[in-house]
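The values are calculated or read from the model by the stated rules, or taken from the named source; none is laboratory data. Model, not experiment: these values are computed from the prediction. Here Cβ is always computed from backbone atoms with ideal geometry, including for glycine, and neighbour counts include all displayed protein chains. Side chains included, ligands, DNA and RNA excluded: accessible areas come from the protein's heavy atoms. Shrake-Rupley method; radii C 1.70, N 1.55, O 1.52, S 1.80 Å.
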Amino acid sequence: MFEEAGSRAEPPDNVLWSRRVTDDPQSFDVLPGAGHSPVILHVPHSAREIPPSVRADIVLGDDELARELDHITDAHTAEIAEAAAGAAGVVPWRFVNRLSRLVVDPERFPDEREEMRVVGMGAVYTRTTHGAVLRSGDVEAGPLVQRYFLPYARAMTQAVADRLAATGRAVIIDVHSYPRARLPYELHGEGARPPVCLGTDSFHTSPGLLDAARRAFGETELDSPFRGAYVPLEFYGTDPRVEALMVEIRRDTYMTEPGGPASPGLGRLAAALARLVDAVSG
């Protein structure tokens, strides 16, 4: 789903590389880990920030928008990834989206291939989690895709290429969360809703990666209620050196729903994620 990134020299260890794609708030950060780490913790949905130019095309009032952000944001997942990176024996790299998925969703196809378009949730959302209008029908998705989606996709592709060049492999671990109760927009929400759902890909999720995740997190289910794993198109289905797993954490296990503060469960889950990182870093 993603375009190839141009070449970029890898930043030195312990230096933050960030990409400002416009004068809007910073779009995403790539936070370096150990030079010999193959792991990228990808956190695409943790932010609530919406630039004013994007907010202008969202029809919800401020209170309605705040409620929608409570439902759609994977709250505190950036903190889980940060704590896991700090606890891991081999510090992973982190790729963190700093804008809300209501700006663009970097994990969607930007065209008709995306199945979530049927509920108004392609790369640029037009409907809310409960089916209400988010953007009017005359708002064009193309400028948002060009301004936010494609630079993000290119940078993630480059981050994976950097890990391959440095270590010969790359392990993408997507850090997500989901609500205890099914929301109306979910297309495949009728199955189990375990404490941790592991989303897999038949080509990129190896048995070893899956076993390590099961050992790290304990009670899990596969691909329920969400399925799949994020891999940039440059490598998708062709490069077995790129492994991927989606970790979907049920929100009531670490926070007050919806949109509330974190609970002590956050530390436990961060420790489990750190165990997974260490298990697949060697």
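Report, in debye and to the nearest 20, how large the dipole of the range 95-218 comes out about its Cα centre when Lys and Arg carry +1 and Asp and Glu carry -1 on their Cβ.
Values: 16 positive and 14 negative charges, 85 e Å.
My answer is approximately 400 debye.
Assuming R0 = 22 Å, can you tell me the calculated FRET efficiency for the pair residue 140 and residue 227, based on Cβ-Cβ distance, to the nearest 0.05? Could the numbers behind the result be given before it?
Working: r = 30 Å, r/R0 = 1.37.
With a Förster radius of 22 Å, E is 0.15.
In the full protein assembly as shown, how much of residue 27 is accessible to a 1.4 Å probe, in Å² to the nearest 10?
My reading of the accessible area for residue 27 is about 0 Å².
Among 246, 273, 157, which residue has its Cα furthest toward the positive end of the charge dipole of the chain, with +1 on Lys/Arg Cβ and -1 on Asp/Glu Cβ?
The listed residue farthest towards the positive side: 273.
Based on DSSP H runs of at least 4 residues, each adding -39500 (n - 2.57), what is the mean residue ellipticity at 222 nm of the chain after dividing by all its residues, to the nearest 500 deg cm²/dmol?
Details: 6 runs with 72 residues, N = 282.
Helix-only estimate at 222 nm: -8000 deg cm²/dmol.
Viscosity 1.306 mPa s, temperature 10 °C: give me the Stokes-Einstein translational D for the range 134-280 in µm²/s, with Rh taken as the Kirkwood radius over C-alpha pairs. Numbers along the way, then the final one.
Details: Rh = 16.9 Å.
Here the translational diffusion coefficient equals 94 µm²/s.
Largest first, what is the accessible-area ranking of 100, 46 with a 1.4 Å probe?
Details: 100 0, 46 20 Å².
Solvent-accessible surface, decreasing: 46, 100.
How large is the direction-averaged shadow of the alpha-carbon convex hull of the range 114-202, in nm²?
Values: hull surface 31.7 nm².
Computed as one quarter of the Cα hull surface, the answer is 7.9 nm².
If you roll a 1.4 Å probe over the chain with all protein chains in place, what percent of the accessible area is carbon or sulfur? Display every interim value, and only then the final one.
Details: 5820 of 11580 Å².
Percent of accessible area from carbon and sulfur atoms in the chain: 50.
For the chain, what log10 I(q)/I(0) values come out of the Debye formula at q = 0.07, 0.09, 0.11 1/Å, with one point per alpha carbon and no solvent?
Values returned for q = 0.07, 0.09, 0.11 Å⁻¹ are -0.23, -0.38, -0.59.
Over the chain, give the accessible area per residue in Å² for a 1.4 Å probe, as an integer. The partial results should precede the final answer.
Numbers: 11580 Å² over 282 residues.
Averaged over the residues of the chain, the accessible area is 41 Å².
Among 44, 179, 143, whose mean-square fluctuation peaks in a Gaussian network model of the chain (Cα, cutoff 10 Å)?
143
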